[in-house]
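In what follows, a single structure is set out as structure tokens and then discussed.
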Amino acid sequence: FCWKWQGTLSPVLLKKCVGMISKDAIVEIVTPLLEKENLFLVEVSVGSDNKIVVTIDGDKGVSIDSCVNISRGIEASLDRNREDFELEVTSAGLGQPLKIPRQFTKNIGKELEVVLKSGEKVKGVIDSADNNGFVLSVSKKVSVEGSKKKQEVLEPIPIAYQQVKSAKVVLKFK
């Protein structure tokens, strides 16, 4: 580590030089740790102040113990004498937007509220998902021949991830 002067030669303005931690380095460190815990990576961000935020998820949720294990594994792989950093390992929370295809797959059968980049809002149940997009079953009322009342039918709507501005699981309290 090093020290550099900021502004005048006052010792108060002496600033510690820190190595910048790369997002790729964190991804490389965390991937095998997640595999051990049967979890997957949602997002990694590294701020200019070396604040590292790792967001994880799992097909069966994420326990606090798993977050602690991942955090300890990352810390053990980094050298605080070279890089001064702050680390936060968190699970993808309820009500947070879905960010990666695996989260859509995990939530098949659940109701989603999707806001498309066009501004249109769509609400329906995820029928299927892959690496390109997902299919949402949307309930619509249509006129049926020979009936005065409109009937509710489910219409499958394929949506590509590139079309999505945000998608959240609809929380239902019973």
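The values are calculated or read from the model by the stated rules, or taken from the named source; none is laboratory data. These figures come from a predicted structure and were not determined experimentally. Cβ placement follows ideal geometry from the backbone for every residue including glycine, while neighbour counts extend to all protein chains displayed. When the accessible area is computed, the model is the full protein with side chains, heavy atoms only, and any ligands, DNA or RNA have been set aside. Shrake-Rupley method; radii C 1.70, N 1.55, O 1.52, S 1.80 Å.
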If you line up the long axis of helix 23-37 against the longest principal axis of the chain, both from Cα atoms, how many degrees apart are they, to the nearest 10? 60 degrees
Using the scaling law 2.2 N^0.38 Å as the reference, what is the normalised Cα Rg of region 25-174? 1.34
Calculate the FRET efficiency for Ser147 and Glu35 from the Cβ-Cβ distance with a Förster distance of 45 Å, rounded to the nearest 0.05. 0.25
Full extension between Thr90 and Glu43 adds, at 0.36 nm per residue less the Cα distance, a length in nm of 15.9 nm
Using a Gaussian network model of the chain with C-alpha springs under 10 Å, which one of Gly146, Gly119, Gly93 is most mobile by mean-square fluctuation? Gly146
Calculated log₁₀ intensity ratio I(q)/I(0) where the Debye formula runs over C-alpha points of region 93-174, q = 0.14, 0.26, 0.27 Å⁻¹: -0.49, -1.28, -1.36
Heavy-atom accessible area of Asp130, protein chains in place, probe 1.4 angstrom, given in Å² to nearest 10, is 80 Å²
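Take the residue pairs Lys60/Lys140; Lys60/Lys123; Lys110/Lys150; Lys123/Lys148 and return only those whose Cα atoms are more than 28 Å apart.
Beyond 28 Å: Lys60/Lys140.
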Please give the per residue accessible area of the chain, computed with a probe of 1.4 Å over protein heavy atoms only, in Å². 67 Å²
Ignoring ligands, DNA and RNA, what percent of the 1.4 Å accessible area of the chain is carbon and sulfur? 51 percent
Among the trypsin sites (Lys or Arg not before Pro) in region 33-94, which ones are in a DSSP loop with at most 11 other Cβ atoms within 10 Å of the Cβ? Mind listing them? Lys60, Arg80, Arg82
Folded to 0 to 90 degrees: helix 64-77 orientation relative to the chain principal axis, Cα: 40 degrees
Rounded if a/c under 1.5, otherwise prolate or oblate - region 44-85, Cα gyration tensor axes: oblate
To the nearest 0.05, what FRET efficiency results for Lys60 and Ser118 with a Förster distance of 41 Å applied to their C-beta separation? 0.75
Mind jotting down the distance between the C-alpha centroids of region 128-174 and region 29-46, whole Å? 32 Å
Scan of the chain for GluC sites (Glu not before Pro) in DSSP loops with at most 16 other beta-carbon atoms within 10 Å gives a longest site-free stretch of 1-82
Could you work out the relative contact order of region 73-174, using alpha carbon pairs under 8 angstrom and six or more residues apart, expressed as a whole percent? 28 percent
